[in-house]
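Shown next, in structure tokens, is the structure this report addresses.
Each reported figure results from applying straightforward, stated rules to the coordinates on display, with no laboratory input. This is a predicted model, so every value here is computed, not measured. Here the Cβ is made from the backbone with ideal geometry for all residues, glycine too, and neighbour counts use every protein chain on show.
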Amino acid sequence: MSEKESKVRLGEGISDGVKSKVNQEALGICNLLLERLFKYLEGKVQDIDFEKLFSKKDKEKIVSLWSSTLEEKGLLPKGYAGLPDNLLIDNMHQDGYMEGLYAGYALSMISLVDNNAPKELIFSVRDEVRPNLFGHHFNDRDEFYNLYKSEKYSWVENSNKED
């Protein structure tokens with residue numbers, strides 16, 4: 001190394017150090033400002049009354065977009081997109097209810113056949129139950145529950161095979 005290169009020059013590296021210090025301080029100030037800004041916004045967002053903010057038409061549009069997105073992702077059956085929330089929920093209850101009724105019907109028929117019930121009994125049960133699978137509404141389900149809990153049928157759940 002030459003003698004010229006090994007000497008430190010006055011002011012050399014100061015600008016880099018100053019820039020680094022300015023960047024650190026600016027970052028600290030920006031972080032503090034952002035923290036305070038988001039705390040302020042968090043308080044303001046909690047005070048928003050969405051019922052007053054959106055009109056009925058806006059709410060319907062949001063629900064329609066929401067249900068369309070759910071349908072696109074396969075989380076809702078086709079044909080449910082765009083339904084208002086009350087109909088969407090009602091239809092989902094109805095679909096689940098109908099699937100449950102059909103599963104119960106199928107299990108009952110399987111049980112009758114597996115236990116060698118007479119064909120007349122199997123056909124009688126089929127003809128009595130099948131019409132109730134179609135056209136029965138989820139909101140009317142208590143009709144079946146109350147009938148089954150009545151004195152005439154309650155023995156089914158309260159008895160053993162040996163009785």
The residues Trp66, Trp155, sorted from fewest to most surrounding Cβ atoms within 10 Å, come out as Trp155, Trp66
Taking the dipole of the chain about the Cα centre (Lys, Arg +1; Asp, Glu -1; charges at Cβ), the one of Tyr40, Phe50, Asn132 that reaches farthest to the positive side is Tyr40
Most exposed first, judged by fewest Cβ atoms within 10 angstrom, Ile110, Ile122 run Ile110, Ile122
Label model pair Leu53, Ser20: point-to-point distance (7 angstrom along the Cα→beta-carbon line) in nm is 4.6 nm
Per-residue ellipticity at 222 nm attributable to helices in the chain (runs of n ≥ 4 DSSP H, -39500 (n - 2.57) apiece, nearest 500 deg cm²/dmol) works out to -23000 deg cm²/dmol
Whole-Hz Karplus couplings 3J(HN,Hα) for region 33-41, θ = phi - 60° and coefficients 6.51, -1.76, 1.60, Gly and Pro as x, run 4, 5, 4, 5, 4, 6, 5, 4, 5
So the pair-distance distribution of the chain, from every Cα-Cα distance in 10 Å bins, comes to percents of 7, 16, 16, 13, 12, 9, 8, 7, 5, 4, 3, 0
Yeah, region 97-163 with a ≥ b ≥ c from its alpha-carbon gyration tensor (a/c under 1.5 is rounded, else prolate when a/b outruns b/c, oblate otherwise) is oblate
Under the Karplus relation with 6.51, -1.76 and 1.60 and θ = phi - 60°, whole-Hz ³J(HN,Hα) for region 66-76, x at Gly and Pro, equal 4, 5, 5, 5, 5, 5, 4, 7, x, 8, 10
Taking Cα pairs closer than 8 Å and at least 6 residues apart, the relative contact order of the chain in percent is 12 percent
To the nearest 0.05, the calculated FRET efficiency linking Leu107 and Ser150 through their beta-carbon distance, R0 being 22 Å, is 0.50
For region 38-132, the dipole about the Cα centre with charges only on Cβ (Lys and Arg +1, Asp and Glu -1), to the nearest 20 debye, works out at 300 debye
Expected vector for region 135-144, Karplus 3J(HN,Hα) from phi with 6.51, -1.76, 1.60 and θ = phi - 60°, integer Hz, x for Gly and Pro, equals x, 8, 9, 3, 5, 9, 5, 4, 4, 5
